[in-house]
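What follows is one structure encoded as structure tokens, with my remarks underneath.
No lab work stands behind these numbers, since they all come straight from the coordinates. Keep in mind it's a predicted model, so treat the numbers as computed, not measured. Don't worry about glycine lacking a Cβ; one is built from the backbone with ideal geometry, like all the others, and counts go over all protein chains shown.
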């Protein structure tokens, strides 16, 4: 037994060492597990922190996008169509048609032209004109020859459309055998003594030589409508003043609320059954003779915008784009009509569903890019002429359909300095539009 004691001591010491090593191993294992857990927790916290920062960054970016979209919507909304002006324009059109109906009775027993259909033309009614000064609505009134007379349209000698030096020749028509029905004597087959008892022909009232005189027609029409106004019940509540211009009439309508509305009336003779008129508007020449009646596409273009509106629906914002163009053009040499021409070309190239308010920025960029390309090429085609994209419902003369379209940038093409200035201004228009988006002005 005693002999076994050393062995037992050795075994005990070994067991103690084994137990000690086991305890040390367990402690180290626990330490490393805690360290690993600590590292994992640290990594996890870092990942969570990174995710939170990323989420915050994405939220900020999304908020910036929403603010930018909202700003763009606010900018575009400021250029939206004015429904009140549209309603007012419809009311004034109704009033003008009432005056025309009365005027037709006034001239019934005379040989003056017969005022017929009226058309609202211009930027105010279409909804893209800028509110500068007083509100002006523009109308074109169609004139027809009275019995015993014929209007022969002489389309001038220039080949370029629209023709600027057209004239309206007034010719007498034989009415023999129709005296009872027409209640008149024939101007061609009746003696001068007998004709003294009849109203004079149009050749002796509103013509210069054989041609219808614009200035005489404007004075006559202003007087006729002023007399017709007295027969309208509204005259008791509103005041109408007539201002005579050389080639048109302006009516100042002041209702009880003391806000004055201006009605500009020009006249036109329809070319056959088309939407083109020979009108009293000024020509592009420095001097326009009183017998000149330039061709105008105003009615055809107004009809085109009605066509687009009918297809696009109420959410279309194409006129808002045109209004924004008119705004950024202020102070530059491009005319609103040139930007209107660019818009009309793009309206036939870009689907109508892509002209809603949400596409405002893209469409404005398209308009400015198209303008830039036209300036670089020194050519901007007149829209209704030689353009196969014009809708068939817009009735144009044959020569308008087949002719090569004239350019609105002829002066730019002829003058290198003007061309350089136009290129510079296209860049300025881009910058001004960007400023409009960022600052709202």
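Rg and Dmax over the alpha-carbon atoms of the stretch 183-243 stand at 16.5, 50 Å. A straight line joining the Cα centroids of the stretch 362-393 and the stretch 417-441 runs 18 Å.
For the stretch 329-373, list residues with backbone N below 19 Å from a point placed 7 Å from the Cα of residue 414 toward its Cβ? Within reach of a label on residue 414, which here means backbone N under 19 Å from a point 7 Å along Cα→Cβ, the stretch 329-373 contributes 333-335, 338. Here the mean projected area of the convex hull built on the C-alpha positions of the stretch 358-441 is 7.5 nm². Using the Cβ-Cβ distance between residue 387 and residue 159 with R0 set to 30 Å, the FRET efficiency works out to roughly 0.95. Legend: P(r) of the stretch 144-246 from all alpha carbon pair distances, 5 Å bins from 0, whole percents, reading 2, 10, 15, 16, 15, 14, 12, 9, 5, 1, 0.
Working value for the stretch 297-441: equivalent-ellipsoid semi-axes of 25, 22, 11 Å, each the square root of 5 times a Cα gyration tensor eigenvalue, largest first. Computed from the Cα positions only, the extents of the stretch 104-147 along the three principal axes stand at 43, 16, 11 Å, in decreasing order.
Spin-label model, residue 241 to residue 97: label points 7 Å out along the Cα-to-beta-carbon direction sit 2.9 nm apart.
Once the cut-off is 29 Å, how many percent of the Cα-Cα pairs in the stretch 76-296 end up in the long-distance tail? Tail of P(r) above 29 Å: 33 percent of Cα pairs.
Using Cα centres only, tell me the gap between the stretch 236-294 and the stretch 132-186 in whole Å. Rounded to whole Å, the Cα centres lie 16 Å apart.
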